[in-house]
Amino acid sequence: MDSSAGFGTSKLFLTDARLALGVLGQLRHQALNRVFGTSREQANVLTAILLLSAADGTYEAARRFSGMRISGTGAAFGAVALRDAALRVAGPGVRQLPGGGTLLAVAILGGLAAPSVRQAAQRMRAAEQRLRDAEQRVRSERIRRYVAARDGGRSNEA
């Protein structure tokens, strides 16, 4: 049998993503162990604390900057700086890959938009179900009235 049957690009991507996440998790554990001397059990808690601290710092900085007006030039410089930072984190191979920066930007934006898209899809499914239920109620009521009118007409004939 051919073992590669049904193993397409999407499965390859998912396999590579799982492998990359596993490697990143191991590197995170090693880095936290070297810097803070934590065990594997403590690493998850410390990661959460570090992420919450970074989020709090980001929130405070955004609150300070919220009153400022940003020009188009400033936004462009910020976008270039953000792109360079993302490419630096992704590694040197991404710069040599044609469209690597675009792929990275789409992945980041997709990761940010996924919860909103998922929530919108759930709301749409719920609205469709409510519409189907309302249509069924209207149909049942219409059938009931036709039956009542038909039965009422028969009793008048007798």
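Read-outs throughout are calculated quantities, based only on the coordinates presented, and are distinct from any laboratory measurement. All values derive from a computational prediction rather than experimental measurement. For neighbour counting, all protein chains shown are included, and Cβ atoms are generated from backbone atoms with ideal geometry for every residue, glycine included.
Things to note:
- Label-point separation in nm, Asp16 to Ala62, each point 7 Å along Cα→Cβ: 3.1 nm
- Extended-chain gain in nm, criterion 0.36 nm per residue less alpha-carbon gap, Asp84 and Val23: 19.7 nm
- The sum of -39500 (n - 2.57) across all DSSP H runs of n ≥ 4, divided by the residue count of the chain, sets its helix-only mean residue ellipticity at 222 nm to -31000 deg cm²/dmol.
- For the range 1-96, applying the loop criterion from DSSP together with a ceiling of 15 other beta carbons within 10 Å to the chymotrypsin sites (Phe, Trp or Tyr not before Pro) yields Phe7.
- Put simply, the amide H of Thr38, placed in the peptide plane, has neighbours under 5 Å in Asn33, leaving out anything fewer than 5 places away on its chain.
- Contour excess over end-to-end distance, with Cα ends at Arg145 and Val117 and 0.36 nm allotted per residue: 5.9 nm
- Potential extension, Ala105-Leu52 segment - 0.36 nm per residue separation minus Cα distance: 16.7 nm
- The angle between the Cα long axis of helix 100-157 and the longest principal axis of the Cα atoms of the chain comes to about 10 degrees, rounded to the nearest 10.
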